[in-house]
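Bear in mind that the values in this text are calculations on the coordinates, not laboratory data. Nothing here was measured: the structure is a model prediction, and the numbers come from that model. Neighbour counts are summed over all protein chains in view; Cβ atoms, including those assigned to glycine, are modelled from backbone coordinates with ideal geometry.
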Amino acid sequence: MAILTLVASIPPPQGVALGDKEILEYCEKVKAVILSKEQFYLDLLKPEYNILKVAGSSLGYKHTVETILKMIGSYISKNLGIQKSEEHKAKLRAYMKGKTNTYNLSQRK
């Protein structure tokens, strides 16, 4: 079964393979528009591998115990000022080297 993908605003660059994905529709890069289109296709196609039934909501999703423990550890270290070891910082730097920060890109309208 193909993974159905909504693509906002522009097609992928030439030479970029979509793999098992299929472009259903191009739409404006506005969060409300994207969510309404996603919900439309969720309701229409009822994909069997999609756990969440409401676009943009994680209501009803159950994290595994392992994931919950990781999130708790991350929260504690960020909010209680626990320092990371130099070895850990070096591993993070090596992992992130050359990667683009997409956090801010996803927040733009």
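Side notes on the structure shown:
- Judged by the mean number of other Cβ atoms found within 10 Å, the most tightly packed of the peptides 25-37, 59-71 leads the ranking 25-37, 59-71.
- Amide H to amide H, with H built 1.01 Å from N, L24 comes under 5 Å of T5, V7, counting only residues 5 or more places away or on other chains.
- Label-point gap, in nm, between L42 and K78 - each point 7 angstrom along Cα→Cβ: 2.3 nm
- Relative packing of 91-99, 42-50, which averages over residues the other C-beta atoms within 10 Å, highest first: 42-50, 91-99
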